[in-house]
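The values are calculated or read from the model by the stated rules, or taken from the named source; none is laboratory data. Nothing here was measured: the structure is a model prediction, and the numbers come from that model. When we count neighbours, we look across all protein chains shown, and the Cβ atoms used for this are built from the backbone with ideal geometry, even at glycine.
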Amino acid sequence: MKPKLCREPIPSGALVDYWTDALEESASAKLEEHLFTCGSCTDRMARVASMARGVGRLGRGGVRIMLTKSLVERLRTDAVRVRSYTIDTGGSVSCTVAPEDELCVTTLRADLREVGRLDLEVLGEGGQVLSLAEDVPFDRERGEVLVGDSCAFLRTLPALGYVLRLTAMDAAAPRLVGEYRMLHRPWPG
Ligand SMILES: [Zn+2]
């Protein structure tokens, strides 16, 4: 059965925010109320949710979800405004969020050919571990890990630096795969 078209579709960015737990409680209650009665938006929501593997809610460390290439592409075709950054091992990037951005995707590049299980840590400027995601999804062939941040969340952050660290957990001792420095600044506009 094809659901009826929705007259007031929930913006895709709000679906992503809801799914990543970035919405205010009142906003997510309202969204849920709409989902109860709207098959069309429920279908879109299911599409957002089903295409992600290994969703990790990493708390307040800045990183929210692990994405796959296909999910990012589908979100783009769903008109979600995606800001993206790519960082090589040992590299750093200055990042910000424009008012119209809905999702921020950071691609971490590394040699992942020998990796079976990969953990992602977020470290603060003093080196303290802010969050840990175990067994994150990654693309072994492309050598990529995709990290998604809700822009609604990023907009709440002051200027700050943090480090993303990838560690391979296959051997007896953890092996450092790569470190990536993010220098976040609020939108200057
Ligand atoms: Zn709807």
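Miscellaneous remarks
- Residue 122 being under 21 Å from residue 18 (Cα atoms), outside any helix (DSSP H, G or I) and in contact with a Leu (Cβ under 7 Å, 6 or more places away or on another chain): no
- Subset tally (residues that are modelled with pLDDT of 80 or more and surrounded by fewer than 16 Cβ atoms within 10 Å (Cβ to Cβ)) for region 1-26: 7
- Of the set (1) modelled with pLDDT of 90 or more; (2) assigned to a loop (DSSP other than H, G, I, E, B), all apply to residue 170 but (1).
- Selection from region 68-108 of residues that are modelled with pLDDT under 85, outside any loop (DSSP other than H, G, I, E, B) and under 16 Å from the mean Cα position of the chain (by Cα): 69, 70, 71, 72, 73, 74, 75, 76, 103
- Test result for residue 163, in a strand (DSSP E or B), over 30 Å from residue 27 (Cα atoms) and not assigned by TED's automatic domain parsing to the domain that holds residue 22: yes
- For region 173-189, a residue qualifies if it is assigned to a strand (DSSP E or B) and either surrounded by fewer than 18 Cβ atoms within 10 Å (Cβ to Cβ) or of a type in the set (Val, Ile, Thr) (or both), and the qualifying residues are 175, 176, 177, 181, 183.
- Figure legend. Inter-residue proximity from region 21-43: first residues within 23 Å of residue 149 (Cβ to Cβ), second residues of a type in the set (S, T, N, Q), beta-carbon distance below 9 Å, spacing 6+ or different chains. Indicated pairs: 21/28; 21/150; 22/150; 23/150.
- Per the listing 157, 183, 164, the residue uniquely more than 20 Å from residue 87 (Cα to Cα) and either touching a residue at least 60 places away in the same chain (Cβ under 8 Å) or of a type in the set (Lys, Arg) (or both) is 157.
- Note on region 16-45: residues that are within 15 Å of the ligand (Cβ to nearest atom) and not in a helix (DSSP H, G or I) amount to 1.
- Residue within region 57-67 that is at pLDDT 80 or above and either within 12 Å of the ligand (Cβ to nearest atom) or in a loop (DSSP other than H, G, I, E, B) (or both) present: no
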